[in-house]
Protein chains: 2
Amino acid sequence: MKVIVLGAAAGGGFPQWNANSTMNRRAFAGDTALPRQTQCSLALSPGDDDDWLLLNCSPDIRQQIIDTKELQPYEELRSSPIKSVVLTNADVDAVAGLLSLRERQHLSIWSSDYILGAIEANPIFGVLDRSIVRLERIGTHGKFNPVPGLEVETFAAPGKPPLYLEHVHGIGAVVGATLGVRVTDARGKSIAFVPSCAEITPEVKRAIDGVDLLFFDGTMFTDDEMVASGEGSKTARRMGHMPMSGRGGSIETLREIKAGARYFIHINNSNLVLDRTSAQRRAVEAAGWKIAQDGMRIEL
Amino acid sequence: MKVIVLGAAAGGGFPQWNANSTMNRRAFAGDTALPRQTQCSLALSPGDDDDWLLLNCSPDIRQQIIDTKELQPYEELRSSPIKSVVLTNADVDAVAGLLSLRERQHLSIWSSDYILGAIEANPIFGVLDRSIVRLERIGTHGKFNPVPGLEVETFAAPGKPPLYLEHVHGIGAVVGATLGVRVTDARGKSIAFVPSCAEITPEVKRAIDGVDLLFFDGTMFTDDEMVASGEGSKTARRMGHMPMSGRGGSIETLREIKAGARYFIHINNSNLVLDRTSAQRRAVEAAGWKIAQDGMRIEL
């Protein structure tokens with residue numbers, strides 16, 4: 001299996017359009033210690049380069065395709081190696097890129113009833129011509145092959161409805177609002193992708209235990225970092241994410257599971273691990289984790 | 001007035017994610033004769049650099065801000081020099097970037113009942129918190145000041161509803177579905193922006209006559225170029241655009257109006273003028289027109 005990190009940042013990317021903290025200012029200025037990151041998405045291929053599966057489709061997808069030769073069209077007048085998309089939630093940073101995958105291209109989009117329903121409620125997604133773009137409802141616990149040679153299993157990752165539906169569905173647990181994904185190839189190699197996770201339940205642990213490659217929710221380093229810095233009024237957990245550090249954080253809680261390699265992904269622009277020279281970055285790396293970065297390629 | 005071309009391409013940009021024509025392949029490969037273009041949008045300032053107005057907000061806005069220092073935040077922890085957006089139609093390439101202007105930032109968005117209604121019908125645009133983002137309905141013939149020092153007048157530009165509403169509203173003329181914009185500063189300097197125009201009516205001529213700077217619909221060079229090349233089944237006019245060339249094309253029809261400088265914008269990836277060495281490019285330039293390009297800055 002081939003894995004490409006298309007984007008490693010949380011919603012808004014890094015830097016974020018209206019963020020003026022020291023870290024964001026340095027990223028706007030092109031400081032190489034804080035490389036820019038587009039919004040979170042992975043591309044997976046069984047290894048043949050003909051068929052690619054996207055996990056989430058961020059608003060930055062057009063730029064990500066231009067930066068990723070493997071995803072560019074290479075046959076006929078209109079084509080794409082991108083054959084399928086699996087969505088783990090319905091937030092803007094996970095789904096808005098679908099609007100850029102228009103122009104009459106065959107595609108299948110796989111997700112829960114809740115997430116696909118949230119998308120279909122918007123007439124603008126009608127640009128995806130339903131005679132050639134299939135929406136595949138997979139339930140919270142699905143098992144399916146979105147491209148030949150890759151089997152995907154979904155599981156419930158505790159989270160919340162997207163921001164724009166909080167006023168309708170509340171911020172508590174809603175069935176199917178956030179999923180985790182485990183992908184296995186024909187040789188048994190596997191990755192897990194859990195970009196939003198408010199709590200590591202026994203189910204989450206079981207689902208990711210033993211993977212060769214783990215991409216886990218790295219939105220914030222501490223639960224209250226945005227409140228403490230004045231950048232926001234919400235804690236990580238209020239936003240549907242658990243912090244990396246501290247008692248009950250993801251580093252501590254996931255110590256007992258096995259994984260070939262551990263990457264944090266979906267990193268918010270407030271998270272000091274984005275600074276390669278920070279103490280937080282060193283602490284994460286000392287604990288055996290890496291920080292995902294746009295353009296990373298990993299072959300399993 | 002300061003004018004920055006944020007993006008000069010039509011929907012899909014150049015290259016387009018799934019387009020494999022010779023021109024698109026060369027643009028993917030970075031050929032300098034065919035510079036890449038993001039999707040069509042202008043930024044205007046009365047000259048003080050504190051307040052910027054966007055004309056349309058493309059899916060590429062995050063990348064456009066990163067590439068445009070003038071639009072980056074420079075005060076407090078959260079801020080933006082972008083104060084207002086005027087929308088000329090509701091197609092994905094003109095409005096989807098609004099989803100990236102979230103994160104609790106004050107903003108006002110000005111357009112017709114039709115265009116704002118098309119946006120509001122989508123719950124996902126609820127990420128623009130209506131307690132701080134104002135939608136201002138201006139009618140087809142409005143006159144207003146979206147930022148201090150710039151007066152905007154809108155006028156009817158013949159066009160069609162966005163692609164995703166064609167099945168609801170048909171493809172004929174719909175009141176307010178497409179607008180043209182004329183912007184005048186305190187010194188009387190003026191620009192016109194008409195990225196979609198299926199027919200140059202007497203009203204369109206009157207509205208743009210005498211401007212210092214004209215940005216006009218340059219989607220296609222010939223009406224049937226996509227049909228002829230096999231890239232599509234629709235003519236320019238069927239898509240709501242008039243061709244540049246030929247009898248009744250925009251070059252001929254606009255010969256009789258006055259304009260300080262004429263730029264084509266909203267250039268489709270099928271339009272051979274994107275190749276700086278093409279005969280079509282030379283013909284357009286010989287007729288007194290220029291082709292807009294991402295990053296161009298013009299001061300009036």
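So here's what we get for this one:
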{"quantity": "Neighbour-limited loop hits for trypsin sites (Lys or Arg not before Pro), the stretch B:105-203 (at most 14 other Cβ within 10 Å; DSSP other than H, G, I, E, B)", "calculated": "B:R130, B:R187"}
{"quantity": "Rg/Rg_ref, chain B, where Rg_ref = 2.2 N^0.38 Å and atoms are Cα", "calculated": "0.93"}
{"quantity": "Leading residue at positive end of dipole, chain A (Cβ point charges), from A:V183, A:V204, A:S229", "calculated": "A:S229"}
{"quantity": "Residue among A:Q64, A:Q37, A:Q105 with the largest mean-square fluctuation in a Gaussian network model of chain A, springs linking Cα atoms under 10 Å", "calculated": "A:Q105"}
{"quantity": "DSSP beta bridges in the stretch A:2-299 [antiparallel fraction, %, rounded to 5]", "calculated": "50 percent"}
{"quantity": "At 7 Å out from Cα toward Cβ: B:A186 inter-copy label distances (nm, ascending)", "calculated": "7.0"}
{"quantity": "Exposure proxy ranking, count of Cβ atoms within 10 Å, fewest first, for A:H106, B:H266", "calculated": "A:H106, B:H266"}
{"quantity": "Global form of the stretch A:70-155, assessed from the alpha-carbon gyration tensor, a/c cut-off 1.5", "calculated": "oblate"}
{"quantity": "Across the identical copies, how the A:D31 labels are spaced - nm, sorted shortest first, 7 Å along Cα→Cβ", "calculated": "4.0"}
{"quantity": "Cβ nearest the rotation axis (B onto A), residue from chain B and distance to the nearest whole Å", "calculated": "B:N122, 2"}
{"quantity": "7 Å along Cα→Cβ, label-point gaps from B:E299 to other copies, nm, shortest first", "calculated": "5.3"}
{"quantity": "Among beta bridges that DSSP assigns inside the protein assembly as shown, antiparallel share in %, nearest 5", "calculated": "50 percent"}
{"quantity": "Cα-centre dipole for chain A with unit charges at Cβ (Lys and Arg positive, Asp and Glu negative), debye to 20", "calculated": "380 debye"}
{"quantity": "Most mobile of A:T38, A:T22, A:T68 in a GNM of chain A (Cα contacts under 10 Å)", "calculated": "A:T22"}
{"quantity": "Lys, Arg +1 and Asp, Glu -1 on Cβ, resulting dipole of the protein assembly as shown about Cα centre, debye, nearest 20", "calculated": "260 debye"}
{"quantity": "Aspartates and glutamates whose Cα lies under 20 Å from that of B:K205, excluding same-chain neighbours fewer than 8 positions away", "calculated": "B:E151, B:E153, B:D217, B:E252, B:E256"}
{"quantity": "Amide N proximity, the stretch B:255-288 versus A:I132 label position 7 Å along Cα-to-Cβ, cut-off under 17 Å", "calculated": "B:269-270"}
{"quantity": "Max mean-square fluctuation residue, GNM over chain A, Cα-Cα springs under 10 Å, options A:V273, A:V147, A:V168", "calculated": "A:V168"}
{"quantity": "Inter-probe distance in nm under a simple model that places probes 7 Å from Cα toward Cβ, at B:E75 and B:A186", "calculated": "1.7 nm"}
{"quantity": "Greater than 23 Å apart at Cα, pairs in A:K83/A:K143; B:K69/B:K143; A:K69/B:K290; B:K2/B:K258; A:K2/A:K143", "calculated": "B:K69/B:K143; A:K69/B:K290"}
{"quantity": "Share, in percent, of DSSP beta bridges within the stretch A:1-132 that are antiparallel, nearest 5", "calculated": "55 percent"}
{"quantity": "A:R26/B:A286 FRET efficiency (R0 51 Å; Cβ-Cβ; nearest 0.05)", "calculated": "0.65"}
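Throughout, read-outs are computed from the coordinates displayed, never taken from laboratory work. Nothing here was measured: the structure is a model prediction, and the numbers come from that model. Neighbour counts are summed over all protein chains in view; Cβ atoms, including those assigned to glycine, are modelled from backbone coordinates with ideal geometry.
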